[in-house]
Amino acid sequence: IRDLRMSRGLGDVYKRQSLNNTYFTNHYSPDSTNEASKAFVDTYAKTYKQKPDAPAVLGYDGAMLLADSIKRAGVYESAKVAEALAATKDFQAVTGKTSLDASHDAVKSAVIVGFKDGKQVYRATVNP
């Protein structure tokens, strides 16, 4: 099942008026004030003629985090890359700074998105 929160058509799934003054959290909003996010959105929009959705940004962040881990490991050995990945602290991603905790869970910002007149509106970023 596709996550509809950041889907371009979510306003069409429900009556637009019924979504007014409702909120949800997500990894990202294309209207975030984060400089890395703004740069990514601009580049993505020029290339694909639309703003990126959350899965596009998460895929990019994941690839960049892996590349950073390989660079920090200094070798292409899976065990060394896994160690470097597990040691990730304050990696600057499009979705904000990302660290991994002792359980290898990502510790990162959350974005609050609301609806106004059937459109998604960035409200705030909450940092851990």
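Take the conditions surrounded by fewer than 16 Cβ atoms within 10 Å (Cβ to Cβ) and either touching a helix residue (DSSP H, G or I) at 6+ places or on another chain (Cβ under 8 Å) or closer than 12 Å to Val94 by Cβ (or both) and apply them to Ala39. Does it pass? So that I can check it myself, show each step before the final result.
Details: surrounded by fewer than 16 Cβ atoms within 10 Å (Cβ to Cβ): yes; either touching a helix residue (DSSP H, G or I) at 6+ places or on another chain (Cβ under 8 Å) or closer than 12 Å to Val94 by Cβ (or both): yes.
Yes, satisfied.
List the pairs whose first member sits in region 9-29 and is farther than 9 Å from Gly118 by Cα, whose second member is modelled with pLDDT of 80 or more and of a type in the set (Lys, Arg), and whose Cβ atoms are under 7 Å apart, counting only residues at least 6 apart or on separate chains?
From residues that are farther than 9 Å from Gly118 by Cα, the pairs are Tyr23/Arg123.
State whether one or more residues within region 44-62 are part of a strand (DSSP E or B) and either surrounded by 13 or more Cβ atoms within 10 Å (Cβ to Cβ) or hydroxyl-bearing (Ser, Thr, Tyr) (or both).
no
Of everything in region 109-121 that's assigned to a strand (DSSP E or B) and over 13 Å from the mean Cα position of the chain (by Cα), which residue is nearest to Phe24 (Cα to Cα)?
Gly114
For the subset of region 29-43 comprising residues that are part of a helix (DSSP H, G or I) and of a type outside the set (Asp, Glu), which member is farthest from the chain's Cα centre (by Cα)?
By that ranking, first place goes to Thr43.
Identify, please: which residue in region 82-123 is small (Gly, Ala, Ser) and on the phi > 0 side of the Ramachandran plot and is, among those, surrounded by the most Cβ atoms within 10 Å (Cβ to Cβ)?
Gly96
The values are calculated or read from the model by the stated rules, or taken from the named source; none is laboratory data. This one's a predicted model, so the numbers in the text were calculated from it and none came from an experiment. For neighbour counting, all protein chains shown are included, and Cβ atoms are generated from backbone atoms with ideal geometry for every residue, glycine included.
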